[in-house]
1. Is it fair to say Lys191 is more than 18 Å from Ser49 (Cα to Cα), touching a strand residue (DSSP E or B) at 6+ places or on another chain (Cβ under 8 Å) and either surrounded by fewer than 19 Cβ atoms within 10 Å (Cβ to Cβ) or acidic (Asp, Glu) (or both)?
2. Of the residues Leu35, Leu45, which is open to solvent by less than 20 Å² (accessible area, probe 1.4 Å) and either polar (S, T, N, Q) or closer than 26 Å to Gly160 by Cα (or both)?
3. Among the residues of region 44-71, what is the count of those that are over 17 Å from the mean Cα position of the chain (by Cα) and either of a type in the set (A, V, I, L, M, F, W, C) or closer than 17 Å to Asp124 by Cβ (or both)?
4. Can you tell me which residue within region 168-191, out of those that are over 30 Å from Leu104 (Cβ atoms) and not in a strand (DSSP E or B), is nearest to the chain's Cα centre (by Cα)?
5. So is Val162 within 15 Å of Met3 (Cα to Cα), touching a residue at least 40 places away in the same chain (Cβ under 8 Å) and either among the charged types (D, E, K, R) or open to solvent by less than 80 Å² (accessible area, probe 1.4 Å) (or both) or not?
6. Please go through region 168-178 and pick out each residue that is of a type outside the set (Val, Ile, Thr) and either surrounded by 15 or more Cβ atoms within 10 Å (Cβ to Cβ) or in contact with a Ser or Thr (Cβ under 6 Å, 6 or more places away or on another chain) (or both).
7. Being among the hydroxyl-bearing types (Ser, Thr, Tyr), closer than 24 Å to Phe15 by Cα and either surrounded by 15 or more Cβ atoms within 10 Å (Cβ to Cβ) or in contact with a Phe, Trp or Tyr (Cβ under 8 Å, 6 or more places away or on another chain) (or both) is the filter here, so list the residues in region 76-127 that pass it.
Amino acid sequence: MEMLSFDIKGKQGHFRKYYANNTALSFTIPPRTTLMGIIAAILGLPKDSYYDLLRPDRIKLGLRLLTPVKKKFHRLNHLKIEGNDDFRGKKGHVQIPFEVVVPLVISRGEVAYRVYALADKNSDVFSSLEQKLRNREFPYALSLGPAFCTAYIDNIRSYGEVTPIASDDWIKIATAVRSEGVKELRYEGLKMGVEEELLPGAFVENNNREVSIMYRMIFSNDGKEINMITNMPLYVLEWEGIKDFVTLYDDEPNG
């Protein structure tokens, strides 16, 4: 199995919470289903056609928040629709609260995530993804959620063949970690603390947005590593002398 990573950055992001109906609340980090959409955009796959191709047993995904973030509410003007004749603005507009993820200092900062992808090196999806990233051939515009949350890709890395390890020691983990795999954690050095969210992971089948799996994830919302003891499989990734310990959404805890 081979690993690659890339950073996706933008001024703002929105990852709608599936259970919010009249207010557009956002997750702090993109769920795995959002990462599937980003990868599908890189590969040029049509909408709703990639759920089977990018399911967890074919490609494993992980995520790291790279920058401190906060959430803010804005209000969007939507058409007020009460009947079939209202799509031309006949009833005016209604303002909908809309939550966005933004950097701590909006004028200078960015929202940045690192996406990890692990798959068989001979698989078509992995080789195509690596080629598209290297050549920066993106058929569709990239975004952090909705189309107006425009994004770009940076810092593409390939780690080659990787093998997971197990550890019972205290380790600083760079990525979001499955909650059931966390035995203990420490909060030292984390100014903004730790969040835990239940995120959608995959869909039942192509063109069917029924969620088939959910992941409860723990992560730092200030972009720093979390010191913890975990029984998750760990991938040790080294780049330019810096060593990161990474877990993936799709791995199961050991034991």
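The values are calculated or read from the model by the stated rules, or taken from the named source; none is laboratory data. The structure displayed is predicted, hence computed values, not measured ones. Here the Cβ positions follow ideal geometry from the backbone for every residue, glycine too, while neighbour counts run over all protein chains shown. In case anyone asks, the SASA skips ligands and DNA or RNA and just uses the protein heavy atoms, side chains included. Shrake-Rupley method; radii C 1.70, N 1.55, O 1.52, S 1.80 Å.
1. Considered against the rule, which asks whether it is more than 18 Å from Ser49 (Cα to Cα), touching a strand residue (DSSP E or B) at 6+ places or on another chain (Cβ under 8 Å) and either surrounded by fewer than 19 Cβ atoms within 10 Å (Cβ to Cβ) or acidic (Asp, Glu) (or both), Lys191 comes out as no.
2. Working: Leu45 fails: open to solvent by less than 20 Å² (accessible area, probe 1.4 Å).
Result of the check over Leu35, Leu45: Leu35.
3. Just the residues of region 44-71 that are over 17 Å from the mean Cα position of the chain (by Cα), to begin with: 44-49, 52-53, 57-58.
Now drop any that are not either of a type in the set (A, V, I, L, M, F, W, C) or closer than 17 Å to Asp124 by Cβ (or both), which leaves 44-46, 49, 52-53, 57-58.
So the answer is 8.
4. That would be Glu180.
5. Spelling it out, Val162 is indeed within 15 Å of Met3 (Cα to Cα), touching a residue at least 40 places away in the same chain (Cβ under 8 Å) and either among the charged types (D, E, K, R) or open to solvent by less than 80 Å² (accessible area, probe 1.4 Å) (or both).
6. Result: Ala174, Ala176, Arg178.
7. Listed by number, the residues that qualify are Tyr113, Tyr116.
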